[in-house]
1. So which residues in the range 105-134 are of a type in the set (S, T, N, Q) and farther than 13 Å from residue 91 by Cα?
2. For the range 30-43: of the residues being modelled with pLDDT under 75 and surrounded by 11 or more Cβ atoms within 10 Å (Cβ to Cβ), which is farthest from residue 103 (Cα to Cα)?
3. Those residues that are in a strand (DSSP E or B), open to solvent by less than 50 Å² (accessible area, probe 1.4 Å) and either more than 15 Å from residue 93 (Cα to Cα) or of a type outside the set (Val, Ile, Thr) (or both), I need them from the range 141-175; list them, please.
4. So residue 80 clears everything in (1) closer than 23 Å to residue 23 by Cβ; (2) crowded, with 20+ Cβ neighbours inside 10 Å except one condition, right? Which one?
5. Given the structure, is residue 138 outside any strand (DSSP E or B) and without any contact (Cβ under 8 Å) to a residue 12 or more places away in the chain?
6. Which one is modelled with the lowest pLDDT, of the residues in the range 46-65 that are farther than 17 Å from residue 87 by Cβ and crowded, with 18+ Cβ neighbours inside 10 Å?
7. Kindly indicate whether residue 135 is under 17 Å from the mean Cα position of the chain (by Cα), modelled with pLDDT under 95, within 29 Å of residue 39 (Cβ to Cβ) and open to solvent by 50 Å² or more (accessible area, probe 1.4 Å).
8. Considering the range 36-56 alone, what residues qualify as being within 19 Å of residue 112 (Cα to Cα) and of a type in the set (A, V, I, L, M)?
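The values are calculated or read from the model by the stated rules, or taken from the named source; none is laboratory data. If you're wondering where the values come from, they're calculated on a predicted model, not measured in any experiment. Methodologically, a virtual Cβ is constructed for each residue, glycine included, from the backbone with ideal geometry; neighbour enumeration extends over all protein chains shown. For the accessible areas, the whole protein counts, side chains as well, though only heavy atoms, and no ligand, DNA or RNA atoms are used. Shrake-Rupley method; radii C 1.70, N 1.55, O 1.52, S 1.80 Å.
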Amino acid sequence: MAGRGVCGRRGAGVRIRRATGRDAKRLTRMVRSSRAYEGPHAAMVAGYRVGPDYIEAHEVYVAVEGGGEASGANGGVGERVVGFYALVLEPPELDLMFVADEVQGAGIGRLLIAHMREVARSAGIESVRVVSHPPAEGFYRSVGARRTGTVAANPPAVMWDRPEMTIVVGEEGPR
């Protein structure tokens with residue numbers, strides 16, 4: 001897969017580490033530049049910011065390639081962030097999940113969901129709510145999420161209805 005770097009084979013060469021405040025700008029840039037939010041969806045992420053305070057308050061993890069094992073402790077020198085997720089523990093919700101556009105389909109999302117399940121399981125959580133961007137519903141269903149309803153549009157912030165789903169922590173999704 002050209003242009004996919006080391007993670008071209010189902011997430012090979014990618015590791016997940018806890019995000020630090022130093023990651024905030026990279027995560028904000030990933031959210032704001034996501035092609036999933038182009039066109040009519042652009043307004044939703046235009047001013048979005050993943051700040052150091054948000055990272056400290058929630059379980060935020062980044063998928064990275066490169067940099068070696070030791071680099072995780074220093075905020076990712078030499079690493080390339082290829083995705084991230086944020087898990088809110090109370091009430092349990094997958095608040096954010098993004099995979100870099102250039103590595104979509106390389107298994108990074110599945111790695112992040114598997115990791116999120118482990119973090120949730122360790123915290124004693126049985127299920128996690130997901131309010132999905134409509135185009136991402138198929139991905140969440142592919143990792144075992146079940147549709148539970150619809151969250152109505154909330155103008156001006158969100159102009160469209162969104163699928164509401166649940167990921168049962170102890171279950172694995174389809175492969």
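1. Taking the range 105-134 first, the residues of a type in the set (S, T, N, Q) are 122, 127, 132.
Correct list: 122, 132.
2. Among those residues, the one meeting the criterion is 43.
3. If the condition is that a residue be in a strand (DSSP E or B), open to solvent by less than 50 Å² (accessible area, probe 1.4 Å) and either more than 15 Å from residue 93 (Cα to Cα) or of a type outside the set (Val, Ile, Thr) (or both), then 149, 158, 162, 163, 164, 165 are the ones that fit.
4. Failed condition: (2).
5. On the way: outside any strand (DSSP E or B): yes; without any contact (Cβ under 8 Å) to a residue 12 or more places away in the chain: yes.
For residue 138, the condition - outside any strand (DSSP E or B) and without any contact (Cβ under 8 Å) to a residue 12 or more places away in the chain - is met.
6. My answer is 65.
7. Numbers: under 17 Å from the mean Cα position of the chain (by Cα): yes; modelled with pLDDT under 95: yes; within 29 Å of residue 39 (Cβ to Cβ): yes; open to solvent by 50 Å² or more (accessible area, probe 1.4 Å): yes.
Criteria met by residue 135.
8. The answer is 36, 50, 55.
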